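A quick write-up on the structure given underneath.
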Amino acid sequence: MNRHSSGTDPILCAHLLRTVDEKLVARLASLEPSEWDLQTVAPLWKVRDVAAHLLDTVLRKPSIVRDSCYVEAVTIRAPQDVVALVNRLNAEGVTVYRRLSPPVLIDMMKSACEQSARFHQSLDPFAPATFNVSWAGEEKSLNWFDTARELTERWHHQ
C-alpha cells in the first residue's frame, strides 16, 4: 500500500539529535582559536556566542521540563511576551557561557547534548509538550513537534 503524507504527519526525530550534536561538537573542536571570534550573520554574535547560545538552550530544556527548575515566574499574555522572554533568556545565556574557553565549552556541550538527547528520547512523542511551538501557530504542541523544533534550532545554528 502506498501511503502519502498529508503534510501533518508527525516527524519523529529524537534519534537524530545525537547525530546533529556530534557534528556540532566536531565542528567546534575543529575551529582555530581565532575563529571563535569571527562575526556571524547575527549582528550581535560572534562564533563563540552562537556556541554559548546552543549550550544554554540545550541545558535549559531538561532543567525546566525534566527537573522542574523554575527560577522565575513568567506571565505570557501576548506573542510579543514570548519573543521578549526568549530574547532575554538567549542574551543572558550568551553573556554567561561566552566567558568559557573553547575547550571547556566543548566539553560541557558534549555532556549537555548527551543529556538532552537521552531526555528527548525518553519523552512520549504524542504527549503534550511543556512548551508549544508558537512560531508554527500552535497553542498546544506534542512532544514530537517540540523535539523537531529543538533539532531545527541546533541544525540551523550550525
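The values are calculated or read from the model by the stated rules, or taken from the named source; none is laboratory data. Keep in mind that what you see is a predicted model, and the values were worked out from it rather than measured. Glycine also receives a Cβ, built like all others from the backbone with ideal geometry; neighbour counts cover every protein chain displayed. Keep in mind that these areas ignore ligands, DNA and RNA; they rest on the heavy atoms of the full protein, side chains included. Shrake-Rupley method; radii C 1.70, N 1.55, O 1.52, S 1.80 Å.
Numbers for the structure displayed
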| quantity | calculated |
| --- | --- |
| Ser101 versus Asp37: modelled label distance in nm, points set 7 Å from Cα along the beta carbon direction | 1.6 nm |
| Solvent exposure of the chain as accessible area per residue, Å², 1.4 Å probe | 64 Å² |
| Candidate lysines for bridging to Lys61, where Cα separation is under 18 Å - those fewer than 8 sequence places away on the same chain excluded | Lys110, Lys140 |
| Contact order normalised by residue count of the chain, Cα under 8 Å, 6+ apart, percent | 34 percent |
| FRET E, pair Arg118, Val71, Förster distance 25 Å, beta-carbon r, rounded to 0.05 | 0.65 |
| Selection of trypsin sites (Lys or Arg not before Pro), the range 1-102, meeting DSSP coil and at most 11 other Cβ within 10 Å | Arg3, Arg77, Arg99 |
| Separation in nanometres of the label points that stand 7 Å from Cα toward Cβ, at Ala29 and Met108 | 1.9 nm |
| FRET E, pair Leu12, Asp81, Förster distance 25 Å, beta-carbon r, rounded to 0.05 | 0.25 |
| With every protein chain in place, the chain: carbon and sulfur % of accessible area (1.4 Å) | 58 percent |
